[in-house]
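Before any comments, here is the structure.
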Amino acid sequence: PELLARWPPDSTVIESSGHSAAYANCTAVHDLHTGRTAHLREIEPRSPATSYRYSPVLGRAFGRTLVGLSHLWDGYPDRAEAVVRPAMLQAEQTSGRRSVVASVFASVAAASLLERNQPRAALALLVGRMDVIESTAIPDVILCAYRTLAYVALSRDEPAQALEVLDDLRRLAAARHLPRLA
C-alpha cells in the first residue's frame with residue numbers, strides 16, 4: 001500500500017510505457033486481499049487496452065484474471081467463469097492451450113467449475129498447464145489452481161492425493177520463497 005500511495009499521478013512517461021496496467025493490477029491485488037472486490041472490478045476495466053512493447057496482453061490478462069478471482073471470492077463462480085472463459089478460449093486460439101495467458105485464465109475457470117460441482121471439467125482445464133501456472137502466475141492464481149486440484153481429489157474420495165497436492169504446493173512455496181503459498 002505504501003508503494004501504491006507514492007505512485008506518481010498522471011505521469012505521461014508511465015502512461016506511454018504501459019506501466020499504468022501494472023499499477024492497476026497491483027491496486028487490484030491489494031483490493032482483493034483487503035476485501036474491496038467491488039472496487040477491484042471498478043478499476044480493472046480502466047486498465048489500458050493498448051499494447052505496449054513491455055506490457056502487451058499479459059497485463060490485461062492478469063487484470064481480467066483478478067476480476068474473475070474477485071467474483072470467486074464473493075461467491076459467484078458463474079460470474080467468474082463468464083469473465084475468464086471467453087478470454088481463455090481466445091487465448092488458446094491465438095497462442096495455444098499452454099500459453100501463459102490461457103493457463104492463467106484456466107486456473108480461475110477451473111475453480112469456477114469446481115464451485116459449480118463439476119470437478120472433472122475443472123481437472124480437464126488444468127491438465128497439462130500446471131507447470132505454466134507454477135512458473136508464470138501470481139501467487140493467488142497458483143493457489144487457486146492447487147486448491148482446485150486438492151478439492152478435485154477429495155471429490156474422488158482420494159484424501160491422500162489431496163494431501164499430496166497440498167504438499168506439492170508447500171514445496172513450491174519453499175523453493176520459490178513465496179510465503180503466501182506456504
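All of the numbers you see were taken from the coordinates with simple rules; none came from a lab. Keep in mind it's a predicted model, so treat the numbers as computed, not measured. As a convention, Cβ positions derive from the backbone with ideal geometry for all residues, glycine included, and neighbour counts pool all protein chains shown.
So is ALA122 touching a helix residue (DSSP H, G or I) at 6+ places or on another chain (Cβ under 6 Å), part of a helix (DSSP H, G or I) and either under 17 Å from LEU143 (Cα atoms) or basic (Lys, Arg) (or both) or not?
Taking the combined requirement at face value, the residue satisfies it.
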Those residues of the range 73-96 which are farther than 22 Å from THR37 by Cα and free of Cβ contacts under 8 Å to residues at least 24 places away in the same chain amount to LEU89, GLN90, GLU92, GLN93, THR94, SER95, GLY96
Does at least one position in the range 126-139 carry a residue that is free of Cβ contacts under 8 Å to residues at least 12 places away in the same chain and under 22 Å from ALA80 (Cα atoms)?
yes
Note on the range 71-110: residues over 17 Å from ALA121 (Cβ atoms) and in a loop (DSSP other than H, G, I, E, B) are ASP74, GLY75, TYR76, GLY96, ARG98, SER99
The condition of being part of a helix (DSSP H, G or I) and more than 17 Å from the chain's Cα centre (by Cα) holds, among ALA145, ALA173, ALA182, ALA162, only for ALA162
